[in-house]
Amino acid sequence: MPGWRIKRGNFEIKVFAGLDLQNHRLYPDDPGNSLRGNHAGLRVGADLWWEPTSRMMFASSISGSTIGTTFGVRGAAGWRVMDRFWTGPEIETSGDEVYRQYRIGAHLTSFKTAVFEWSLGAGYVQDNSHRSGLYGRIGLLTRQ
């Protein structure tokens, strides 16, 4: 999505907005559910990264859509390990008009191998339907 990046020293914020396309297939089918089928809307979001010291970081992100009023919010803190990556706690929530999910865990961020940069997360997840378990998250990007 198009957006803006503002960087001042060790503080960076990215703000973006764009078209959000979603397709929801429900099993079992629920013809009365407003999220059923194809939808187009607007998605907006922001990412923040701050390193108050050379050994500590804070990151957060927020995202929302006009489709079903879906949202996501994440926060993380981290400490630099062997000048190779950041690690620490993370907390996240996401949902829509009727569903909410809550996560608490740990992350490993900015681990670099060759041209790749990895992000990993794992922890405990629970939702408002009283289901719970473990979650895992993996991210991969390249920088050129």
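Just so you know, all these numbers are worked out from the coordinates, no wet-lab data involved. Note that the coordinates shown come from a computational prediction; the quantities given were computed from them, not determined experimentally. With ideal geometry, Cβ positions are generated from the backbone for all residues, glycine too; neighbour counts draw on all protein chains shown.
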*Mind checking the dipole of the stretch 81-144: about its Cα centre, +1 per Lys or Arg Cβ, -1 per Asp or Glu Cβ, Debye to the nearest 20?*
200
*Cα-projected label distance for residue 73 with residue 6, points at 7 Å along beta-carbon direction, nm*: 2.0
_Residue among 23, 115, 130 farthest towards the positive dipole end of the stretch 3-142, charges placed on Cβ_ = 115
*If eta is 1.567 mPa s and T is 4 °C, what Stokes-Einstein diffusion coefficient results for the chain, Kirkwood Rh from Cα pairs, in µm²/s?*
75
*Suppose every K and R has +1 on its Cβ and every D and E has -1 on its Cβ; what is the size of the dipole of the stretch 42-118 about the Cα centre, in Debye to the nearest 20?*
180
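With only Lys, Arg, Asp and Glu charged, each at its Cβ (+1 for the first two, -1 for the last two), find how big the charge dipole of the chain is about the Cα centre; round to the nearest 20 debye.
Details: 17 positive and 13 negative charges, 101 e Å.
So the dipole magnitude of the chain works out to roughly 480 debye.
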_Top positive-direction residue, dipole computed over the chain with Cβ charges, set 6, 82, 99_ = 82
*How much net charge surrounds residue 30 when only the other residues with a Cβ under 15 Å from the Cβ of residue 30 are counted, with Lys and Arg +1 and Asp and Glu -1?*
-1
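What is the local net charge at residue 17, summed over the other residues whose Cβ is closer than 15 Å to its Cβ (Lys, Arg +1; Asp, Glu -1)?
Values: positive: 5, 14, 43; negative: 20, 47.
Its environment carries a net charge of +1.
Quick one: compute the contact order of the stretch 3-142, relative version, from alpha carbon pairs under 8 angstrom and 6+ residues apart, as a percent. Don't jump to the answer; show the numbers that get you there.
Details: 327 pairs, mean separation 18.4, N = 140.
That works out to 13 percent.
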